[in-house]
1. Among (1) more than 17 Å from the chain's Cα centre (by Cα); (2) at positive phi, where does A:GLY126 come up short?
2. Within the stretch A:224-241, identify whether any single residue is open to solvent by less than 40 Å² (accessible area, probe 1.4 Å) and either at pLDDT 90 or above or within 16 Å of the chain's Cα centre (by Cα) (or both), and answer yes or no.
3. With respect to the numbered conditions (1) open to solvent by 60 Å² or more (accessible area, probe 1.4 Å); (2) without any contact (Cβ under 8 Å) to a residue 40 or more places away in the chain, which one is the sole condition not fulfilled by B:LEU134?
4. Among the small types (Gly, Ala, Ser), within 13 Å of another protein chain (Cβ to nearest Cβ) and within 24 Å of B:PHE246 (Cβ to Cβ) - does that describe any residue in the stretch B:91-111?
5. List pairs: first residue in the stretch A:129-155 and free of Cβ contacts under 8 Å to residues at least 60 places away in the same chain, second residue open to solvent by 50 Å² or more (accessible area, probe 1.4 Å) anywhere in the structure, Cβ distance under 6 angstrom, at least six positions apart or on different chains.
6. Among the residues of the stretch B:253-287, write down those that are touching a residue at least 12 places away in the same chain (Cβ under 8 Å), in a loop (DSSP other than H, G, I, E, B) and more than 12 Å from every other protein chain (Cβ to nearest Cβ).
7. Out of curiosity, is B:THR38 hydroxyl-bearing (Ser, Thr, Tyr), farther than 16 Å from B:PRO251 by Cα and within 12 Å of another protein chain (Cβ to nearest Cβ)?
8. Report yes if some residue within the stretch B:60-74 is away from chain A (no Cβ under 14 Å), of a type in the set (D, E, K, R) and either surrounded by fewer than 22 Cβ atoms within 10 Å (Cβ to Cβ) or within 30 Å of B:ASN260 (Cα to Cα) (or both); otherwise report no.
Amino acid sequence: MKTLTLRLTAPLQSYGNQATFERRTSGDFPSKSAVIGMIAAALGYRRDDDRILALNDLVFAVRVDQGGKPLTEFQTVEWKQGTRKLTHRDYLQDAVFMVAVGSEDEAMMTRIYEALQHPKFQLFLGRRASVPAGVLQIREFADQTPLAVLKELAWQASDWYQKRYTKWHPQATTVTLDMYADAALLPNKHQVMVRDRVESFDQRDRRYGFRPLATERVTLPNPLLKGVDQVATEHDPFSVL
Amino acid sequence: MTAKNLYLDINVLQTVPSSNLNRDDTGAPKTALYGGVTRARVSSQSWKRAVRSTFREDNVNVGTRTKEAAQLLVNELKQQDTTLEDDVAWAKTDAAFKAAGVKLNKEHETGALLLISRGQLEKLAQYLLANDDLDKKEIKKVLKGDQSLDLALFGRMVADNPELNVDAAAQVAHAISTHEVVPEYDYFTALDDLQGEDETGAAMLGSIEYNSSTLYRYANVNVNELVHNLNAEDAVHGVADFIKDFLLSMPTGKQNTFANKTLPSYVLITLRPDTPVNLVSAFEKPVDSRDGYVAASIDRLEAEYQTTQQFVDTPRLNVVLGKADSQIGEVATNLADLLSKVTGSLTEAIQDEDTNA
C-alpha cells in the first residue's frame, strides 16, 4: 500500500462535526471527510462530482502531534440594514496534525500527490479562511499502511512546542501521541461510529454517512533528549536489604 | 494534464497603532494563539466586508447583499418601464423569484441574504419586461451570469436554491500580528459639564481594551476560477481592483476612537503556476524586537519566501512594494506601477493559456 503523509498546520483550523447555523463546533482532530474534501479540491472535482465518493476508500489515519487550543469566533451577520444575527464558529488554534492516506492503487496515490502540489482549487484546513501555513509538507511511503507510517514517523510538533514539552517534562525521553484511524487498521480496538463518510458535498444535498473509527496511542522518542540517559526516578528501598 | 494553474498571492505587512479593529462578544480585540503566544487578529470576514465597502466607494462593479432583492428588482422594473404599475411589477417579481426557486416571505424578503449584482438586476428586469411566460432556465442563466466582482471573488450561497451558488475564487486568511501582543486597557471617566460646585466624581466610567500590532495579511486569487466566474478581461481588471482595495481598505471598528487608519508598509505579490503559498509560517516564531516590528518582519517574510522557493515552481512574477533594495523580486516604485506590472503579467499568462488550449 502506498501512503502519503500531510502535515496540517496553520494559526486556525476547524473540523466541523455538526453544522448548525448559529453555532459551528469543531472536532479535536481532522475528519476524514475534511481531508477527502481537500484532496477533491486539489484534483479539481467540483462539489457534485461523483468521483468524490471513491475517495472514501482511501485508508486514513491521523496523529495529533500538537493539540489545538479551542477558540470560539464570534461573528455578526447583518441581514439587512440594522438587523443582525450573532453566530459562533469554533476553531483549533496553533495545532499540528499528521494525516496519512493510503491506497493499493499506486497510480491514484501518485495522482493525488501531484494534485496536492498543483491544486486546481485552493486547499484549506476545514474553513476557507484557514489557509495552510507555508508550503504543504507531503511525504511518500511505499508499501506501508497509514497507521504503520504514523507509528514510525518522528514527532512533527513545532520547535517551540517540543522545547516547552521538554522543559515541563525534563525527564521525558519519549512523547505519547493520540492516533485516530479507520477501524479496519486497528481490528483489536474498540470502535465507534462517527458521521464522517462523505455521501455528497453538493450544497443542494450535503450528506454524511457513518464510518467506524478506532484510536491508539503511539510513543515516540523526544528528539530533544536523544542520547540523554534517563535518570533513575524509581526509588526502591528494599534493594539495599 | 488540463490547463495550468494560475494563482496570485498577496502578502501585506501593515503596522497599526493602538486600535480595536475587530472585536469579539466581550468588546475585546480578537486574538489567536500562534507559535505558543497571543497574536492580534482581524478576521477574514471583517476585512472582506471592508474590501466590499471600498469597492462600492470606488464604483467597482459590486453586488448588494440583502434580503430585499425583490424590492430592488421592482425598482429596476419601474425604472426601465416608467408606466409600470406597482402591482404588475410585484407580480412579475414574485413570478421571477418563484421561477428561480428562491422563496419570498410575506414582506417580499428572501429567507437569507442574497448577493445580487447590478448587471443581474438589469438583465432580469429586461427579460421580465420582454417575456410573459418565464423560462426557469433563462432566469437561472441570468442569475449566474453578469457576476459582480465581489460575488465572483467571495462566492455566494443561496440556501433555498443551491443551483445559484457560486464558489469563491479568492481566499482571505485572518490577519495576525507578526509578534506577541499584550492586551492594554484604556480606563476612562466622563464628567458632567454642568455638574454643580458641591458635587464630585465622574458621571460615567469604563474601559476599552485595545492593542497595537504589525499585521501579516494574506489573500490569494485562483485566477482560472475568477475567469470561470467572470471572463478573461474582467478577471484581469478584477484582480487589479481587488489588490488595490485589499491594500487600501481597513475595517472601521473603533476608527473614530483611535484614528488608526494606516497604509501597508510592505507588499509582496507573487503570480504562481502551481500552488498558492501562505507565508504566515515566517512568523510562527514571533518577531522579538526592541526597535520596532516592521523592518524585522520584512526581513523574516523575505527569508521565508526564499526558503519556500525550494519546494515550489518558479513564479511567473514576483513584485515588491515598500523595500527599494529588495533582492527577491522586481521592485515597484508605487501602487500604480505595482498594478501595471501585475496586470501585464496576468494578461500574458492568460493569453499563453489560450494559445495552449
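The values are calculated or read from the model by the stated rules, or taken from the named source; none is laboratory data. Quick caveat, the model's predicted, so the values are computed rather than measured. When we count neighbours, we look across all protein chains shown, and the Cβ atoms used for this are built from the backbone with ideal geometry, even at glycine. The accessibility values were calculated without ligands, DNA or RNA, using every heavy atom of the protein model including side chains. Shrake-Rupley method; radii C 1.70, N 1.55, O 1.52, S 1.80 Å.
1. (1)
2. Within the stretch A:224-241, the subset open to solvent by less than 40 Å² (accessible area, probe 1.4 Å) is A:225.
Then drop every residue that is not either at pLDDT 90 or above or within 16 Å of the chain's Cα centre (by Cα) (or both), which leaves none.
No, because not a single residue in the stretch A:224-241 is open to solvent by less than 40 Å² (accessible area, probe 1.4 Å) and either at pLDDT 90 or above or within 16 Å of the chain's Cα centre (by Cα) (or both).
3. (1)
4. no
5. Hits for this filter: A:VAL135/B:PHE311.
6. B:LYS254, B:ASN260, B:THR262, B:LEU263, B:PRO264, B:SER265, B:VAL287
7. Numbers: hydroxyl-bearing (Ser, Thr, Tyr): yes; farther than 16 Å from B:PRO251 by Cα: yes; within 12 Å of another protein chain (Cβ to nearest Cβ): yes.
Judged against the criteria, B:THR38 is a match.
8. Looking only at the stretch B:60-74, we keep the residues that are away from chain A (no Cβ under 14 Å), and these are B:60-63, B:73-74.
Now drop any that are not of a type in the set (D, E, K, R), which leaves none.
Taking every residue of the stretch B:60-74 in turn, none turns out to be away from chain A (no Cβ under 14 Å), of a type in the set (D, E, K, R) and either surrounded by fewer than 22 Cβ atoms within 10 Å (Cβ to Cβ) or within 30 Å of B:ASN260 (Cα to Cα) (or both).
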